[in-house]
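Colleague: This is the structure I want to talk about, given as structure tokens.
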Amino acid sequence: MLTKGEQQQIKSLLQTPQWQVAEMIANKFRDKLAYDSPVRETEWDTLKTTLIKEGQIQGIKIFIEELYKIALNEI
């Protein structure tokens, strides 16, 4: 559990221009992962690549969502 001070730090961070740039880069990276072809030499390698990429995309998305939930005191 985060302290009130830590929650306030996250809220302050999300309001800075630096965060906007970091979030933009995260979104571009997610898009790059989503649009790069997962096709590999074998169907198993293709499946593995697809699942890894989807996990990475979801991980980035969930992390950013959690930061916003913390900032809005929803956690």
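Values in this text are rule-based calculations from the coordinates and carry no lab data. Note that the structure is predicted; figures quoted are calculated from it, not measured.
Colleague: So I have [x] 60; [y] 18; [z] 40, and one of them is percent of Cα pairs over 22 Å apart calculated from this model. Which one is it?
Modeller: It is the value labelled [z].
Colleague: Considering amide H positions built from the backbone, and no H for Pro or chain starts, which residues 5 or more places from Arg40, or on another chain, come under 5 Å of its amide H?
Modeller: Long-range HN contacts for Arg40: Thr46.
Colleague: Something else about it: Please give the calculated 222 nm ellipticity per residue for the chain, where each DSSP H segment of at least 4 residues contributes -39500 (n - 2.57) and the sum is spread over every residue; nearest 500 deg cm²/dmol? Before the final figure, lay out the partial values.
Modeller: Numbers: 3 runs with 59 residues, N = 75.
-27000 deg cm²/dmol, from helical runs alone.
Colleague: Mind listing the phi-derived Karplus ³J(HN,Hα) values for the stretch 31-43, rounded to whole Hz, using 6.51, -1.76 and 1.60 with θ = phi - 60°, and x for any glycine or proline?
Modeller: With the stated coefficients, the stretch 31-43 comes to 4, 4, 4, 5, 9, 6, 5, x, 4, 10, 4, 10, 5 Hz.
Colleague: While we're looking at this one, here's another question. Starting from the Cα-Cα distance between Trp44 and Gln20, subtract it from 0.36 nm times their residue separation and give me the gain in nm to one decimal.
Modeller: On the way: separation 24, 0.36 × 24 = 8.64 nm, distance 3.76 nm.
Result for the pair: 4.9 nm of gain on full extension.
Colleague: Over 19 Å between Cα atoms, which of Lys11/Lys61; Lys28/Lys69; Lys32/Lys61; Lys11/Lys69 qualify? Write down the numbers at each step before the final one.
Modeller: Values: Lys11/Lys61 17 Å; Lys28/Lys69 22 Å; Lys32/Lys61 14 Å; Lys11/Lys69 10 Å.
In this structure, Lys28/Lys69 exceed 19 Å between Cα atoms.
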